[in-house]
């Protein structure tokens, strides 16, 4: 954890389904010295559900320092749950290509052995091209493709299966009414995984939600890091200068 430059608020990043945090590399590079960034990482071999992951995340949030929490894709429900009962210092919520409840009814068809079989294929060469198309689309580059593959290889089949099951049944829509901090949603205009109505579902309960639409795929923070970094920076600056950290 690095110290935040004077006048800039800390940003805490919660990763997508891979949970490694490695896929935030393009964004952190694009953010530069705009503010201190903490990347939370989930265990790659321990199958944890949303409840267990929330406890893990809360234990790693900054103490005595203002921060903004960003939940990418899989981590959106976690970020919403934390924002509904925020720790001291939480100043804002950002959701990126995420959801408050399962984003695609078709996911319910992947159950039991079929789900586990599909997840096993994630680690095979057969799934590299389909995964690249779903997550990166026409924005895929050799560097991003390699980064994606390397991150997926760090996560066991059991962990990915558990996380997909969590996505299939998650619903934190009721918690949105308890969110009081300013919130922003980064929406990819070419998202093939999370449909546009996921953002509208959140906005109906959280009318103050700002939706920022950016050109890019589901892997928005990876494929369009400069545009995403600018939107995040604008949001954080509008919150005002953070108060000095408590000694």
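Coordinate-derived values only; no laboratory data. From a predicted model like this one, the values you see are computed outputs, not experimental measurements. Note that we place each Cβ from the backbone using ideal geometry, even for glycine, and neighbour counts take in every protein chain shown.
Observations, loosely collected:
- Given their separation in residues at 0.36 nm each and the Cα-Cα distance between them, residue 22 and residue 143 gain 42.3 nm when the chain is fully extended.
- Extension reserve of the residue 29-residue 58 stretch, reckoned as 0.36 nm per residue once the Cα distance is removed: 7.9 nm
- Global geometry of segment 134-230, whether rounded, prolate or oblate, following the gyration tensor of its Cα atoms and the 1.5 cut on a/c: oblate
- Counted by neighbouring Cβ atoms within 10 Å, the residues 131, 164, 31 run from fewest to most as 131, 164, 31.
- Of the residues 18, 233, 174, the one with the fewest other Cβ atoms within 10 Å heads the list, and the complete ranking is 174, 233, 18.
- Modelled this way, with points 7 Å down the Cα-to-C-beta line, the labels at residue 154 and residue 46 are 1.6 nm from one another.
- For segment 10-238, the fraction of C-alpha pairs more than 23 angstrom apart is 43%.
- Using a simple spin-label model with pseudo-atoms 7 Å out from Cα toward Cβ, residue 215 and residue 101 lie 3.5 nm apart.
- Cβ-based exposure ranking for 220, 209, in which fewest neighbours within 10 Å come first: 209, 220
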